[in-house]
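No value in this document is a laboratory result; all are computed from the given coordinates. Note that the structure is predicted; figures quoted are calculated from it, not measured. Cβ placement follows ideal geometry from the backbone for every residue including glycine, while neighbour counts extend to all protein chains displayed.
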Amino acid sequence: MNEKIGIGRGITGDELEKQLQEELGETNSENIEDNEQTVEVTNESVEIKEEDKIEQELSSQIDNVEKKFDSVEKSIAEIGGEEVVKQVLGNMSEEEQSALQIKIEEQKKKIKEQLRVLKMGDNNSDIDGLWETTKILNSNPLSAVIGIPLFVTTGPLKGIQTLIRKIKLSVDKRKLKKMENSNK
Amino acid sequence: MTEEEIKILSARFEKGETTVEEDLQIATSLNASLELAKFFLHEIKVAKLRQELNK
């Protein structure tokens, strides 16, 4: 079995087998490394896909926000402007204000339920924090207008517009970063 | 989310440091608030008409 094989090379069968095993071993370890790299790339792709999905969801959410914003702006104009909204509220009796407050609380519950069904927000327990988020993020929020009894200073719509612009800016920043990374 | 966490999120948002998930949460909050605003303004329209009728 140990006869020399390979013309002029003086390699025994055992040596050849050893060499072959070594080479196979290297190939195997290379394969393992390749596989690990593939797994890493795959995980990265899953993360990118997931991020893209959230980014798409965000874009559609921004579209909804803009549509609703336009509708709110239109309604305020139809009423006669923000000052008239305040006047109407000011002319309400305490009973009427309380009744409106109850209606708004009921509506809040309905919207919360819709968000729950749509599984929006981080998780269900965070839904209560959604109102607060807008309130704190915006120094002059529309959510303050709807927290009766209420009276806002001027221009809640401008505050909302600023918020929308900031979110869009954030989206654009990420897009730019992604483009820069893909060009590297 | 606690008030403290919201404040931290708010500060990061101001600096443009929020992640896509956080931006989505903010947009969702805004959407919910605007939805409520629509309802509120509808009620105001009705109240305005009533006040005008009672004049």
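Numerical summary
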{"read-out": "For region A:164-171, 3J(HN,Hα) per residue [Karplus equation, 6.51 cos²θ - 1.76 cosθ + 1.60, θ = phi - 60°, Hz, x = Gly/Pro]", "value": "4, 4, 5, 5, 4, 4, 4, 4"}
{"read-out": "Estimated 222 nm signal from helices in chain B, with DSSP H stretches of n ≥ 4 weighted -39500 (n - 2.57), rounded to 500", "value": "-30000 deg cm²/dmol"}
{"read-out": "Restraint check, A:67/B:55; A:103/A:166; A:112/B:55; A:74/B:48, Cα-Cα greater than 26 Å", "value": "A:67/B:55; A:103/A:166; A:112/B:55"}
{"read-out": "Pairwise FRET efficiency - residue A:91 versus residue A:172, Cβ, R0 = 41 Å, nearest 0.05", "value": "0.40"}
{"read-out": "In order through region A:73-86: 3J(HN,Hα) via Karplus (6.51 cos²θ - 1.76 cosθ + 1.60), integer Hz, x for Gly, Pro", "value": "4, 4, 4, 4, 5, 4, 5, x, x, 4, 4, 5, 4, 5"}
{"read-out": "Likely footprinting exposure, A:160, A:54, B:8, A:62, fewest C-beta neighbours within 10 Å first", "value": "B:8, A:54, A:62, A:160"}
{"read-out": "Extension gain (nm, one decimal) between residue A:162 and residue A:110, 0.36 nm per residue minus Cα-Cα", "value": "16.0 nm"}
